[in-house]
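Please treat every number below as a calculation from the coordinates, not as lab data. Bear in mind the structure is a predicted one, so any value in this text is a computation, not a measurement. Here the Cβ positions follow ideal geometry from the backbone for every residue, glycine too, while neighbour counts run over all protein chains shown.
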Amino acid sequence: MQKATVTTQPPQKGYNPDFRVIKQLGASKAKVYLAFNESKQRYFAMKLFDYQENKPSNTYRNESRFCALRHPNIISYYSSIDHQKISKNGSFSLSSMITMELAPYGSLLEVYKTTTLFKDMTFVRTCFHQLISGLEYLHSNDIYHLDIKPENLLIGSDYRLKIADFDTAYRPSDTCIRSRGTKNYRAPELRKILPTEYKKADIYSAGIILFILTTGFHPYIEDKPICGYDLEGLLWKEDPTLFWNAQKDLHKRFPDLERDLKDLIIHMLKYQPSERASLHDIKHSPWYQGKIYSEAQLIEKVSSELLIIQELNE
């Protein structure tokens with residue numbers, strides 16, 4: 001794909017456009033809505049954060065710090081508003097609001113479950129390139145996501161993967177980390193201790209994503225043997241041959257992965273961050289250097305299958 005251009009023009013802080021809420025899309029620490037901007041004649045995603053103790057929540061304050069991010073593989077933010085009057089059941093309350101780019105095809109998890117696209121290794125590699133490109137941009141700006149998982153990877157209207165949900169993202173100037181990651185996706189050092197190589201924590205999570213996309217399975221369940229196999233222990237051994245043999249034994253449909261791909265996964269999932277692959281290592285690995293789709297080829301490949309998801313979401 002063509003090299004991405006990165007700009008740093010910030011969104012309009014406090015800009016309050018004329019939005020019409022269509023429906024709720026999801027909720028976690030904040031509720032996300034599909035909204036239509038009448039003046040711009042365009043759909044957006046709107047994220048509403050409830051006030052805490054009569055002031056904007058810490059979750060909102062943290063995510064709104066990252067609204068100036070601009071990269072094709074990072075979800076685009078358009079406005080952040082500290083004080084927004086919201087009508088609920090005839091009464092008004094204060095919330096904070098962030099408006100952002102709408103990802104009409106949902107998360108990577110939804111695409112994985114709904115389409116057959118991930119049977120195509122070139123498509124998988126193309127998505128992985130986009131994930132690495134987004135992480136490279138974040139890390140070059142001293143930003144560490146610390147919660148990379150399929151639900152936080154969206155597919156935009158341009159068919160590109162977009163890293164989203166920065167409510168627990170971290171910068172070295174922060175006094176503490178706000179996330180220990182998500183179970184079965186997080187790096188081992190995030191579970192109990194404070195990491196010192198934050199970029200390596202994101203790389204570990206990207207390695208979990210790569211394993212899932214290329215095999216259809218999780219590499220392990222945290223602190224839980226499966227049918228007598230300690231998959232975590234086998235993964236982190238000097239020789240991971242037993243890990244791959246165990247996967248084959250546990251999953252009768254486990255695919256035959258090429259050696260270069262297995263080597264990359266193992267390098268990204270090293271227990272010690274100092275031994276883990278860097279972004280430079282990943283980009284220069286033989287599997288990563290394989291074929292990817294051009295922008296035109298990607299559109300041709302995915303548009304019909306993703307259109308089905310968009311229709312289901314409407």
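The table for this structure:
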quantity	calculated
Of (1) 61, 45, 37; (2) 54, 47, 42; (3) 70, 50, 42, the label for Cα extents along the principal axes in Å derived from the coordinates	(1)
Value of relative contact order over the chain, rounded to a whole percent, pairs C-alpha under 8 Å and six or more apart	15
Region 12-100, dipole about Cα centre (Lys/Arg Cβ +1, Asp/Glu Cβ -1), debye to the nearest 20	120
Relative contact order (%) - region 128-264, alpha-carbon pairs under 8 angstrom, separation at least six	18
Value at 222 nm in deg cm²/dmol, rounded to 500, when DSSP H runs of n ≥ 4 in the chain each add -39,500 (n - 2.57)	-10000 deg cm²/dmol
Of Lys248/Lys270; Lys23/Lys224; Lys29/Lys252; Lys183/Lys237; Lys200/Lys248; Lys29/Lys113, those spanning more than 31 Å from alpha-carbon to alpha-carbon	Lys23/Lys224; Lys29/Lys252
Point-charge dipole on Cβ atoms (K/R +1, D/E -1) for region 108-308, about Cα centre, debye to 20	240
Over region 12-100, relative contact order from alpha-carbon pairs under 8 Å, at least 6 apart, %	27
Amide H within-cut-off set for Gly106, under 5 Å, with H built and near neighbours excluded	Ile155
For region 12-100: rounded, prolate or oblate by the Cα gyration tensor [a/c cutoff 1.5]	oblate
Anchor Lys291: lysines whose Cα lies under 23 Å away (excluding residues fewer than 8 positions away in-chain)	Lys3, Lys119, Lys162, Lys262, Lys283, Lys301
Under the span-like rule (Cα at least 18 Å along the axis, Kyte-Doolittle mean at least 0.5), DSSP H helices of the chain	198-215
Extension gain (nm, one decimal) between Glu238 and Gln52, 0.36 nm per residue minus Cα-Cα	62.1 nm
Options Leu48, Gln247, Gly181, ranked by Cα towards positive dipole end of the chain, top entry (Cβ charges)	Leu48
Centre separation in Å (Cα based) which lies between region 131-199 and region 98-130	17
